[in-house]
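> I have a structure here, written as structure tokens, and I will follow up with some questions on it.
The values are calculated or read from the model by the stated rules, or taken from the named source; none is laboratory data. Just so it is clear, the model here is predicted, and its values are computed rather than measured. Cβ placement follows ideal geometry from the backbone for every residue including glycine, while neighbour counts extend to all protein chains displayed. To get the accessible areas, we keep the full protein, side chains included, count just its heavy atoms, and leave off ligands, DNA and RNA. Shrake-Rupley method; radii C 1.70, N 1.55, O 1.52, S 1.80 Å.
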Amino acid sequence: MSQAAHINSVKLSRRGLLLTAGAALGSAAGMSVAGGAIAQRRGPSEVPVEELMKPGELPELVLGNNDAPVTIDEYASMTCPHCANFHTRVLPELKKKYIDTGKVRLVFREFPLDNLAAAGAMLARCSGDKAFDMLEILFHKQEEWVVRNDPVSKLFDMAKQAGFTKESFEKCLTDDDLLKKVEAVRTRANEKFGVNSTPTFFINGKRLSGGGSIADFDRALEPLLKS
């Protein structure tokens, strides 16, 4: 797992997401993301599946068959390079071997490490049934919009590829209720399951060890699928 540093002081705030003609979000490195500290304790190696799968503040974003015998729960931040690496390099192989064959389903959950990550997560949510398309765009082109200079315009360039207009873009990022729900997902993950870094994966409730490579998933998945 990765990027566990300095998120204990991260706070999400609507002010950081507001878009006006002359304002910008600021850089991913220096934003304050309102909602309390994220504990830096080591999370448990396994959590109760029934608790993990309880409905949250937001509808689940799911890839794969809901009847699949194995569920991977992913907690990710849109500005996390290791999350981008998973989505661009590992997930395609994971889909081919396990998800598209009906063996595994993946549940994506937001764990933003800064306001820019929260903005990306909100845009995916505002994309409706194209949420994973938006996630794919943002992760594949992360280096183009997670920048220090004028990230808002770069993020809008990405959003336009998913059909956003300037009006719908700004409306999404000034949605207080959506921001609170994204924050609630993050807070629950930290307080209930000890998530404090991204990406964090649980496979049928057991935390994935290793760096999240396809080999790590193979080792964790094969015994479950054989049984």
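> So which of Thr187, Thr198 is of a type in the set (Val, Ile, Thr) and either open to solvent by 60 Å² or more (accessible area, probe 1.4 Å) or touching a helix residue (DSSP H, G or I) at 6+ places or on another chain (Cβ under 8 Å) (or both)?
The conditions single out Thr198.
> With respect to the numbered conditions (1) outside any loop (DSSP other than H, G, I, E, B); (2) of a type in the set (Gly, Ala, Ser); (3) modelled with pLDDT under 95, which one is the sole condition not fulfilled by Ala37?
All conditions pass for Ala37, except number (1).
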